[in-house]
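**Student:** To start, I am sharing the structure in question, which I have written as structure tokens.
Since every read-out is calculated from the coordinates, none of them should be taken as a lab result. On a predicted model such as this, the values are computed, not experimentally measured, just so you know. Note: ideal-geometry Cβ built from the backbone for every residue, glycine included; neighbour counts use all protein chains shown.
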Amino acid sequence: MPAFTTTIPLRFVEGTKSLDREADLPPNGTTVQFGMHGAVAEHYRAVATNPLPSTLDYLTASIGGCLIGTLAGSMLRARVPVRPEALTATATGVVEPDDNGVLVLRRVEVTYALELDEEHRAAAEEVHATHAARCPNARSVAPAIEIVTTMELASPVAA
């Protein structure tokens, strides 16, 4: 039995010539737009008249966003004090064409930067080593998409 289902209304943006789309996301119906830009448009020989994030950008951001949330929650459960402003990340999606010429997200690399007192370093590294296995999005896409995370630890800057 599913824990829940999610239903997302989708539609094409009226007047689009490059297949721009919109989705209304729960819980409040926030509308996001996606389409093509740069290398995606070039690959598909399309003209992105209104460059928008691609679905591959959103997928990369979704996986990265879930991973940073999972890392922060896991740190807190392990009693590693993490201030929201002391933890940032960059998610990089590696996209390659498959044998049929379809662009496929093959790898997501997330690099964390965390300011943390030295006394919590070992615990933070332990949490980092296992957090991806607890991330709903990472688990949903693996093994089709390789997930790689690294963490750069720095001591907090004295005020």
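**Student:** For residues that are among the basic types (Lys, Arg) and in a loop (DSSP other than H, G, I, E, B), scanning just segment 1-53, find the one that is nearest to ASN100 (Cα to Cα). Walk me through it before giving the result.
**Tutor:** Narrowing segment 1-53 to residues among the basic types (Lys, Arg): 11, 17, 21, 45.
Narrowing the set further to residues that are in a loop (DSSP other than H, G, I, E, B) leaves 17, 45.
Values: LYS17: 24, ARG45: 15 Å.
Once the filter is applied, the top-ranked residue is ARG45.
**Student:** What's the total number of residues in segment 134-155 that are assigned to a loop (DSSP other than H, G, I, E, B), surrounded by 12 or more Cβ atoms within 10 Å (Cβ to Cβ) and in contact (Cβ under 8 Å) with a residue 40 or more places away in the chain?
**Tutor:** 2
**Student:** Here's a follow-up. Please count how many residues of segment 23-65 are buried (at least 20 other Cβ atoms within 10 Å of the Cβ), of a type outside the set (A, V, I, L, M) and in contact (Cβ under 8 Å) with a residue 60 or more places away in the chain.
**Tutor:** 0
**Student:** Residue by residue through segment 52-94, note down the ones that are acidic (Asp, Glu) and either farther than 28 Å from ASP117 by Cβ or touching a helix residue (DSSP H, G or I) at 6+ places or on another chain (Cβ under 8 Å) (or both). Before the answer, list the steps.
**Tutor:** First pass over segment 52-94, keeping only residues acidic (Asp, Glu): 57, 85.
Once the filter is applied, which keeps residues that are acidic (Asp, Glu) and either farther than 28 Å from ASP117 by Cβ or touching a helix residue (DSSP H, G or I) at 6+ places or on another chain (Cβ under 8 Å) (or both), segment 52-94 yields only ASP57.
**Student:** Taking the options PRO53, PRO9, name whichever one is more than 21 Å from PRO136 (Cβ to Cβ) and in contact with a Phe, Trp or Tyr (Cβ under 7 Å, 6 or more places away or on another chain).
**Tutor:** Values: PRO9 fails: in contact with a Phe, Trp or Tyr (Cβ under 7 Å, 6 or more places away or on another chain).
Criteria check complete, one pass: PRO53.
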